[in-house]
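S.K.: Pasting in a structure now, in structure tokens, and then I'll have a few things to ask.
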Amino acid sequence: MQTFFSEQQLENPVLREANTILRTCVHCGFCTATCPTYQVLGDELDSPRGRIYLMKQMLEEGSPATEGVVRHVDRCLSCLSCMTTCPSGVNYMHLVDHARAHIEATYERPAGERFLRAVLARVLPDPTLFRLSLMGAALVRPLRFLLRGSWRAMLELAPAGGPKPPSRVDLPATHAAHGERPVKRVVLMTGCAQQALAPEINEATVRLLTRHGVEVVIASGAGCCGSLTHHMGREEEALASARANIDAWLKVRDEGGLDAVVINASGCGTTVKDYGHMLRHDPVWAGRAAEISALARDIAEILGDIELRASLGDIDLVVACHSACSMQHGQKITELPKRLLREAGFTVKDVPEGHLCCGSAGTYNITQPEIAGRLRARKVANIERVQPDVIAAGNIGCMIQIGVGTDIPVVHTVELLDWATGGPVPPALEGRPA
């Protein structure tokens with residue numbers, strides 16, 4: 001793609017990188033075939049190629065973002081399916097990240113949107129505030145039919161019973177490995193919203209790792225990965241979260257060594273693996289961020305290096321394995337979770353159109369509820385076609401999004417693997433015979 005940035009503009013390292021990405025695009029349009037929003041809306045401007053043209057014009061002109069550009073960029077899920085499809089290696093992720101930061105800096109949204117986004121950016125990354133908000137949501141949830149749009153979507157996504165009780169596993173501590181000597185020493189990212197929605201995921205992760213000889217540290221001072229604010233274009237907030245995590249995890253390394261930063265929410269994992277890029281221009285933090293990105297591993301990657309000791313034998317359970325976009329497109333982890341489940345004794349089935357997003361995408365199912373609802377209906381229909389007993393996923397956002405649309409229980413992959421190797425039955429499957 002031909003670009004027309006001025007020499008003065010190209011002195012800006014961020015614009016210089018955007019220029020390089022834009023010039024990689026060859027207009028082929030392969031991305032439109034796998035873009036969820038183009039599949040749903042059929043509008044070229046709601047495809048990666050269309051958005052690239054809009055972002056190119058906005059950045060070249062150096063002008064404030066327009067309502068039209070914002071509308072189409074906001075509709076992007078950042079599912080990164082286009083990057084899996086692209087034959088030219090266009091780094092759409094970094095381009096749209098820069099465009100969102102430009103939008104946040106130059107465009108004044110309507111007051112209602114500004115308020116909603118401010119609430120999401122403040123509440124969701126804070127487990128305490130999020131837990132309180134879920135308590136309030138449970139009280140007013142029966143009245144959700146009186147609301148419309150994003151506020152109604154939030155109540156529909158909130159659990160009817162409110163948040164789950166806090167887990168001691170999420171408190172800073174060191175969980176000793178079983179056996180004489182640990183085979184690995186890792187730090188576990190406990191996440192933010194996940195602590196209130198499904199604390200059993202972290203509990204299963206710690207049990208599974210320690211059972212197989214891995215020492216697990218929950219670091220003091222670590223928190224949200226920053227992806228929620230990062231995808232809103234709120235760069236300073238996102239980078240503050242990244243720096244806090246980097247500092248906390250490197251202290252763990254300095255105190256006793258560190259083999260990996262383990263993440264059991266793939267959306268967070270994609271962001272942490274990108275810390276090195278996000279802080280590349282910060283002379284104080286660039287090297288430290290790159291070190292943490294190199295240590296970041298999805299829980300499936302860690303388990304793939306360990307010989308899991310299944311104790312249930314063949315389990316009479318058909319599992320539909322939903323691969324989150326952040327897992328398959330962001331981190332390029334595709335077959336490993338399915339292999340681990342099969343080796344543990346489960347019958348695993350692929351989901352048709354598995355490359356398409358479920359519509360969760362961080363806060364997308366709140367800010368774009370209509371499109372997200374259509375994507376969820378399509379995802380659930382494809383899952384139900386394979387007639388599973390349970391749905392397994394590696395990302396809390398997907399679990400909540402899909403669970404709203406089906407009666408089939410949805411659990412984290414690590415819960416099933418913990419159960420298969422001596423742990424308790426996942427709460428969502430309690431009462432079902434093994």
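The values are calculated or read from the model by the stated rules, or taken from the named source; none is laboratory data. For clarity, every value in this text was computed on a predicted model and none was experimentally measured. Counting neighbours? That spans all protein chains shown, and the Cβs are built from the backbone with ideal geometry, glycine included.
S.K.: Could you say which residue among 299, 292 is closer than 22 Å to residue 206 by Cβ and within 15 Å of the chain's Cα centre (by Cα)?
M.R.: 299
S.K.: Can I ask one more? Filter segment 76-98 down to the residues that are among the aliphatic types (A, V, I, L, M), touching a Leu at 6+ places or on another chain (Cβ under 9 Å) and either buried (at least 22 other Cβ atoms within 10 Å of the Cβ) or not assigned by TED's automatic domain parsing to the domain that holds residue 33 (or both) and list them by number.
M.R.: 77, 90, 95
S.K.: Quick check: is even one residue across segment 75-93 farther than 24 Å from residue 277 by Cβ and polar (S, T, N, Q)?
M.R.: no
S.K.: Mind listing just one residue for me: the one in segment 414-428 that is over 13 Å from residue 317 (Cα atoms) and surrounded by 24 or more Cβ atoms within 10 Å (Cβ to Cβ) and, of those, nearest to the chain's Cα centre (by Cα)?
M.R.: Going through the qualifying residues, I end up with 414.
S.K.: Being out of contact with any Cys (no Cβ under 7 Å at 6 or more places or on another chain), more than 17 Å from residue 404 (Cα to Cα), at pLDDT 95 or above and aliphatic (A, V, I, L, M) narrows it down to one residue among 119, 140; which is it?
M.R.: Answer to the selection: 119.
S.K.: If you don't mind, there's one more thing I want to ask. Every residue in segment 157-198 that is within 22 Å of the chain's Cα centre (by Cα), of a type outside the set (A, V, I, L, M, F, W, C), at negative phi and buried (at least 16 other Cβ atoms within 10 Å of the Cβ), please.
M.R.: 159, 163, 164, 167, 170, 190, 194, 195 - these are the residues of segment 157-198 that are within 22 Å of the chain's Cα centre (by Cα), of a type outside the set (A, V, I, L, M, F, W, C), at negative phi and buried (at least 16 other Cβ atoms within 10 Å of the Cβ).
S.K.: Can we say residue 297 is surrounded by 15 or more Cβ atoms within 10 Å (Cβ to Cβ) and either more than 28 Å from residue 183 (Cα to Cα) or not acidic (Asp, Glu) (or both)?
M.R.: yes
S.K.: Assuming residue 364 fulfils every condition listed in (1) within 22 Å of residue 77 (Cα to Cα); (2) surrounded by fewer than 21 Cβ atoms within 10 Å (Cβ to Cβ); (3) of a type in the set (Ser, Thr, Tyr) apart from one, which condition is it?
M.R.: Every listed condition holds for residue 364 apart from (2).
S.K.: Only residues that are surrounded by 17 or more Cβ atoms within 10 Å (Cβ to Cβ), among the small types (Gly, Ala, Ser) and not in a loop (DSSP other than H, G, I, E, B): list them for segment 231-270, please.
M.R.: 238, 241, 242, 248, 260, 266, 267, 269
S.K.: Out of 273, 338, report the one residue that is free of Cβ contacts under 8 Å to residues at least 24 places away in the same chain and crowded, with 16+ Cβ neighbours inside 10 Å.
M.R.: 338
S.K.: Can you spot a residue in segment 204-226 that is touching a Pro at 6+ places or on another chain (Cβ under 6 Å), in contact (Cβ under 8 Å) with a residue 40 or more places away in the chain, crowded, with 23+ Cβ neighbours inside 10 Å and not β-branched (Val, Ile, Thr)?
M.R.: yes
S.K.: Okay, next question. Could you tell me which residue of segment 81-132 is farthest from residue 67 (Cα to Cα), considering only residues that are within 21 Å of the chain's Cα centre (by Cα) and hydroxyl-bearing (Ser, Thr, Tyr)?
M.R.: So, considering only residues that are within 21 Å of the chain's Cα centre (by Cα) and hydroxyl-bearing (Ser, Thr, Tyr), the one farthest from residue 67 (Cα to Cα) is 128.
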